[in-house]
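Just so you know, all these numbers are worked out from the coordinates, no wet-lab data involved. The structure presented is a predicted model; accordingly, all values stated were derived computationally and were not measured. Backbone-built Cβ (ideal geometry, glycine too); neighbour counts: all protein chains shown.
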C-alpha cells in the first residue's frame, strides 16, 4: 500500500509573501546572477502530461530565461498559497503562485534554498489543473 503525503495549504501573511518576492527579485537582479548556479528547475513528468512542466514549456515556447522573467514579474496578487515541503524541510515552506500567461493560469511553486549562496528552486511551472485561489488579489 502506497502512502501519499497530505499537502495542507497555508495562507502566509502578506508581509511574508512580499519579503519572499523581494528575495527572489534580489537573487535575479544580482550583477553576477548565473542561471546555472542561482536557479534550479525540476522538470519531472506527471501522469497527465498537459499539466507537466515539460509540456507547458513546449506549449508556451518558453526556455529557462522566460521562466525566470515570469518569476521575476510575480506580484502579491499572483500569490495563491504556501505548502509544507515534506521532501525537504530546509526551508520548510513552498510558495505557490498562479500567473496568467496566454489566457491560461500557470501554477508556479518556488522556494529559496542556500548552499554556498542563495538560489531559486522552481519545483513546479505548469498549467494549473484547477482554479487557484488568490487571497491578496
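Summary of values
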read-out: Order of 95, 33 under a 10 Å beta carbon neighbour criterion, fewest first; value: 33, 95
read-out: Helix-only [θ]222 nm of the chain, DSSP H runs n ≥ 4, -39500 (n - 2.57) each, per residue, nearest 500; value: -7500 deg cm²/dmol
read-out: Highest-fluctuation residue, 96, 70, 123 considered, GNM on the chain with Cα pairs under 10 Å; value: 70
read-out: Among 40, 30, 81: highest mean-square fluctuation, GNM of the chain, C-alpha pairs under 10 Å; value: 30
read-out: Residues 134, 126 arranged by fewest to most Cβ contacts within 10 Å; value: 134, 126
